[in-house]
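K.L.:
There's a structure below that I have some questions on.
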Amino acid sequence: MKAFVLIFRVNSSTDMKPSPEQMQERMDWLGSIAAQNKLVSKGNSLSFGEAKTVKPGHVVTDGPYTEIKEFVSGFIIIQTATIEEAVEIAKKNPIFKSGGSIEVRAVLTPGDNQ
């Protein structure tokens, strides 16, 4: 089994405030992953308001920026045999109903080739 991070992106900070029904859908989706013993970390939501970006030269700016088209809203880590299986799990998330997206990336461990 391999670890994959699912990175959740939304179009605006208002998409971060789901209705009780949407929240239940998300919890059901997460519960189905846990029931399959494929949930490594339930991750967390990420703040829009309390954020900084550190750039080369140690320049620190406020962020995220309004010109960004999508905000990273959170993540989880799952384990599956292949990235295709991880993508199939991601496809069942209700984030797509509100125009969000999910990036699926392998988690590298020492010795892995990129």
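K.L.:
Restricting to the stretch 71-114, name every residue that is modelled with pLDDT of 85 or more and among the aromatic types (Phe, Trp, Tyr).
P.N.:
Residues satisfying the conditions are 75, 96.
K.L.:
I'd like the full set of residues that are assigned to a strand (DSSP E or B), farther than 13 Å from residue 38 by Cβ and of a type outside the set (Phe, Trp, Tyr), limited to the stretch 68-100. Step through it out loud before you land on a result.
P.N.:
Looking only at the stretch 68-100, we keep the residues that are assigned to a strand (DSSP E or B), and these are 71-80.
Add one more test, that the residue is farther than 13 Å from residue 38 by Cβ, and what stays is 71-75.
Selection gives 72, 73, 74.
K.L.:
Identify the single condition in (1) modelled with pLDDT under 95; (2) β-branched (Val, Ile, Thr); (3) within 19 Å of residue 103 (Cα to Cα) that residue 40 does not satisfy, given that it satisfies every other one.
P.N.:
It fails just one condition, (1).
K.L.:
On to the next question. Report yes if residue 103 is without any contact (Cβ under 8 Å) to a residue 60 or more places away in the chain and either assigned to a strand (DSSP E or B) or of a type outside the set (Val, Ile, Thr) (or both), otherwise no. Full working, then the answer.
P.N.:
Working: without any contact (Cβ under 8 Å) to a residue 60 or more places away in the chain: no; either assigned to a strand (DSSP E or B) or of a type outside the set (Val, Ile, Thr) (or both): yes.
No; evaluated as a whole, the condition is false for this residue.
K.L.:
Then there's this: Can you name the residue in the stretch 43-70 that is farther than 23 Å from residue 106 by Cβ and surrounded by 15 or more Cβ atoms within 10 Å (Cβ to Cβ) and is also modelled with the highest pLDDT among such residues?
P.N.:
Start the filter on the stretch 43-70 by keeping residues that are farther than 23 Å from residue 106 by Cβ, which leaves 47-69.
Subsequent filtering for residues that are surrounded by 15 or more Cβ atoms within 10 Å (Cβ to Cβ) retains 48, 64.
Working: 48: 69, 64: 60.
Taking the candidates together, the pick is 48.
K.L.:
Give the stretch 24-40 a look and list any residue that's surrounded by fewer than 13 Cβ atoms within 10 Å (Cβ to Cβ), on the phi < 0 side of the Ramachandran plot and not in a helix (DSSP H, G or I), or say none.
P.N.:
Within the stretch 24-40, 36 is the sole residue that qualifies.
The values are calculated or read from the model by the stated rules, or taken from the named source; none is laboratory data. Quick caveat, the model's predicted, so the values are computed rather than measured. Reconstructed Cβ throughout: ideal geometry from the backbone, glycine too, with neighbour counts over all protein chains shown.
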